[in-house]
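Participant: Pasting in a structure now, in structure tokens, and then I'll have a few things to ask.
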Amino acid sequence: MSEEKQTKEAPKPKPKRPKIPRQPMPEQDAHARAKNFESVTLGYTMEQAVVEATRCIQCKKPYCIGGCPVAIDIPGFIQLVKDKEFLKAAQLVKRTNLLPAVCGRVCPQEEQCEAVCVLGKKQDPVAIGRLERFVADYEAEHGEIPLPEFPPKTGKKVAVVGAGPGGLTVAGDLIQQGHDVTIFEALHKAGGVLVYGIPEFRLPKAIVEREVEYLQRLGVELKLNHVIGKIRTIDQLMEEDGFDAVFIGSGAGLPWFMDIPGENLNGVFSANEYLTRNNLMKAFDFPSYDTPIKKFKNVAVIGGGNVAMDSVRTALRLGADNAYIVYRRGREEMPARQEEIEHAEHEGVKFKNLTAPVRILGNDEGWVTALECLEMELGEPDASGRRRPIPVKGSEFILEMDAVVIAIGTSANPLIAQTTPDLKLNRKGYIEVENETTCRTSKKGVFAGGDIVTGSATVILAMGAGRNAANAIQNYLQTGEWWSPNGTPEN
Amino acid sequence: MSFTTFKDIVTYAVEKEAEAIRFYTDASRQEEYAAAKGTFLAFAEEEKKHKALFENLDPQLVANYKFGKIPDLKRSDYMVETAYRPGMPYVDILRLAMKREEHAKKFYDDCVALVEGEDQKKLFQMLSQEESKHKLKLETMYDDAMAKAGD
């Protein structure tokens, strides 16, 4: 060590930044909201948003961007919020995320951008999702972002199968590259799981409609009530209808049942049906919407994922006296977002964890009357270290019930695969792609992403796949380069 | 059916494995997609290993066989019967296979109770344990797939 350095004064410690707590999300009162379908969370006020934005320390190496499947410039938009440039912040977010009002509400930020927020090492991470929602909602209320400028038309046509989050992302990205994009949606409304799966109280449908309208303003053509595999096949789209590339984002909408006795009784629903009746068909708003749904007093929802939480909270709002989650594992293993589990608890949902249904009982008229369950305990750790639940001998008990909603997972609808013989599937029946970046299937010019490739996942992961697929389609349309399974490019 | 000799039992067990191999191989032929074909063929391969093990059984091997506690997740035990249908989803294929193993294990357990000779009992216990291992393997695959989906 040099003499000079030794004589230097010790550096003064940096003044500590005052710790500002993470701003809480305003919510409807739990008792009140359990009886209505209005939004549970109310969104930040302008003041809260600015305070929360000041918590961001603007890291030189922002890990949060890497934590976001669509790589939003998170520090950039948060700085704009701090500067009260809310519309500019929304514009910046929309550069990479066409559905910020959706993602701000339903993405599991705690597992993605917020999980890697540097602030989170010592205190609560910045509420990135809440800020994203704030800027998107602000933009919706205070004016529209001008449409981006497009390059000249390329003359290329792209078909997008499925108007879910993945398909909407692909469409938004490719229309901005100058291609003609047509979305084929099987249902009568665009949005996929955003409209049929996620309830109004978590994601108001007006928000999805607004985002879809924005895509249409960009020039995306939307063909509703078009079941690809029935009305047109993938081959027909490419060979007869002149599409140069196809993206398949048809999701995983085939529900699983438990295969236990009694599943054919009246009052047993798949979560898909139960939620679709309420969300897409608006059964909760009868008689404004002419969709029937019986009012059940005691409802059991089987499963511990987000779909189960959506179903059980819907049951409460439809007037159930008792709404149960029946889950064969422990709470810590539930794949649902912590926030959704807590919301359900606060609203009065009863949790029967380490409980497995074994039989549904019914009356002479064929309606559900009860659910027979078994208590479970965790077994010894297996080779993977996992302690799996095993039944406790003699622990059978009966829960009085008049409806059972099964939310234990879904798989791919086989319709497209059945009508596209050269489309390779994986062991579980999902479409096989070269890798997550290229999204190329075994069929030239056909790309796939989202739940139809990975199985049920999250909205933002489907959007991330859509972003990757859009980049790959753009490259394909420009170069014509394809791949072959032996690794050599082919044209 | 009566099992009077060691050979009777082994012959029966080998035939049961051969039937399982035929079942899975036939199913694989009926599947349109390579992935489902592969799943059934993999099950057929597992049964071939069992068949080979049983074909080479002799009283000494059974006498030295090590018994252990095989965990039983009982995932298939509360399910209704299911039949093969072409194109059935992956989880249904697993359910079908789990159920078959459950029945095989139960059959050998019943046999243990029926026969009187200690050697015969031990042979059936061994066969039951082998089926339990298959059942556990399949139920673990199934449980993993289902846990991820929220079941």
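Participant: Given A:T154, B:L136, A:N266, which one lies farthest toward the positive end of the charge dipole of the protein assembly as shown, if we put +1 on the Cβ of every Lys and Arg and -1 on the Cβ of every Asp and Glu?
Facilitator: Most positive-ward Cα: A:T154.
Participant: Per-residue HN-Hα couplings for region A:249-261, Karplus 6.51 cos²θ - 1.76 cosθ + 1.60 at θ = phi - 60°, whole Hz, x for Gly and Pro?
Facilitator: Result, rounded to whole Hz: x, 8, x, 10, x, 9, x, 8, 10, 8, 6, 9, x.
Participant: Keeping all protein chains in place and using 1.4 angstrom, which order do B:D144, A:D137 fall into by accessible surface area, from largest down?
Facilitator: Ranked from most to least accessible, the order is B:D144, A:D137.
Participant: Quick one: Kirkwood hydrodynamic radius for the protein assembly as shown, alpha-carbon pairs, angstrom, one decimal?
Facilitator: Taking every pair of different Cα atoms in the protein assembly as shown, averaging 1/r and inverting gives 27.5 Å.
Participant: Okay, moving on. Rank these residues by their accessible area, most exposed first, probe 1.4 Å: A:D310, A:D285.
Facilitator: So, going from the largest accessible area down, we get A:D285, A:D310.
Participant: Are there trypsin sites (Lys or Arg not before Pro) in region A:27-67 that DSSP puts in a loop and that have at most 14 other Cβ atoms within 10 Å, and which ones?
Facilitator: Taking region A:27-67 and a limit of 14 other Cβ atoms within 10 Å, the loop trypsin sites (Lys or Arg not before Pro) found are A:K35, A:K60.
Participant: Considering Cα pairs under 8 angstrom that are at least six residues apart, work out the relative contact order of chain A and quote it in whole percent.
Facilitator: That works out to 15 percent.
Participant: Provide the solvent-accessible area of A:E342, counting protein heavy atoms only and rolling a 1.4 Å probe, rounded to the nearest 10 Å².
Facilitator: Using a 1.4 Å probe on the heavy atoms, I get roughly 70 Å².
Participant: Can you list the trypsin sites (Lys or Arg not before Pro) in region A:382-443 that are in a DSSP coil and have 10 or fewer other beta carbons within 10 angstrom?
Facilitator: Answer by residue number: A:K393.
Participant: Compute the normalised compactness of region A:257-409: alpha-carbon radius of gyration over 2.2 N^0.38 Å, N being the residue count.
Facilitator: Taking the Cα Rg and dividing by 2.2 N^0.38 Å, one obtains 1.05.
Participant: Skipping prolines and chain starts, which residues have an amide H placed within reach, meaning under 5 Å, of the one on A:M376, given they are 5 or more residues away or on another chain?
Facilitator: For A:M376, the qualifying residues are A:T355, A:A356, A:V392.
Participant: Tell me the carbon and sulfur percent of the accessible area for region A:257-409, rounded to whole percent, probe radius 1.4 Å.
Facilitator: 47 percent
Participant: Given the C-alpha centroids of region A:389-441 and region A:90-118, what is the distance between them in whole angstrom?
Facilitator: Centre-to-centre distance over Cα atoms comes out at 27 Å.
Participant: Report, by chain and number, residues whose modeled amide H sits under 5 Å from the one on A:I183, excluding near sequence neighbours (fewer than 5 apart, same chain).
Facilitator: Amide H neighbours of A:I183, under 5 Å, 5+ apart: A:V160, A:E221, A:L222, A:K223.
Participant: Let me ask another. Let me check the size of region A:124-203 from its C-alpha atoms; what are the radius of gyration and Dmax in Å?
Facilitator: 15.8, 49
Participant: Is there a quick way to get the dipole size of region B:20-151? I mean about its Cα centre, with the Cβ of Lys and Arg at +1 and of Asp and Glu at -1; what is the value in debye to the nearest 20?
Facilitator: Result for region B:20-151 is approximately 220 debye, rounded to the nearest 20.
Participant: Give me the aspartates and glutamates in straight-line cross-link reach of A:K352: C-alpha distance below 12 Å, same-chain residues under 8 apart excluded.
Facilitator: A:E375
Participant: Going down the list B:K49/B:K106; A:K424/B:K137; A:K424/B:K105, which pairs span over 31 Å between their C-alpha atoms?
Facilitator: The pairs that break the limit, which is 31 Å between Cα atoms, are A:K424/B:K105.
Participant: Please identify every one of the GluC sites (Glu not before Pro) in region A:120-174 that sits in a loop by DSSP and has no more than 16 other beta carbons within 10 Å of its own beta carbon.
Facilitator: A:E144, A:E149
Participant: Additional query: What is the set of long-range amide H partners of A:R359 at a cut-off below 5 Å, with H atoms built 1.01 Å from backbone N?
Facilitator: For A:R359, whose amide H was placed from the backbone, the distant partners under 5 Å are A:E372.
Participant: With no solvent and one equal point scatterer placed on each C-alpha of region A:19-142, evaluate the Debye formula and give log10 I(q)/I(0) for q = 0.09, 0.15, 0.19 Å⁻¹, two decimals.
Facilitator: Listed by q, the Debye log ratios stand at -0.23, -0.64, -1.01.
Participant: Could you give me the ³J(HN,Hα) list for region A:396-403, computed from phi with Karplus coefficients 6.51, -1.76, 1.60 and θ = phi - 60°, whole Hz, x at Gly and Pro?
Facilitator: Rounded to whole hertz, the list is 4, 8, 10, 10, 5, 8, 10, 8.
Participant: When the convex hull of the C-alpha atoms of region B:6-149 is computed, what volume per residue in Å³ does it have?
Facilitator: 109 Å³
Participant: Shifting gears a bit: Quote the charge dipole size of chain A about the Cα centre in Debye, to the nearest 20; the model charges only the Cβ of Lys and Arg (+1) and of Asp and Glu (-1).
Facilitator: Approximately 1240 debye in magnitude.
The values are calculated or read from the model by the stated rules, or taken from the named source; none is laboratory data. Since this is a predicted model, take the numbers as computed values, not measurements. Positions of Cβ are generated from backbone atoms using ideal geometry, with glycine treated the same way; all protein chains shown enter the neighbour counts. These accessible areas exclude ligands, DNA and RNA; they are computed on the full protein's heavy atoms, side chains included. Shrake-Rupley method; radii C 1.70, N 1.55, O 1.52, S 1.80 Å.
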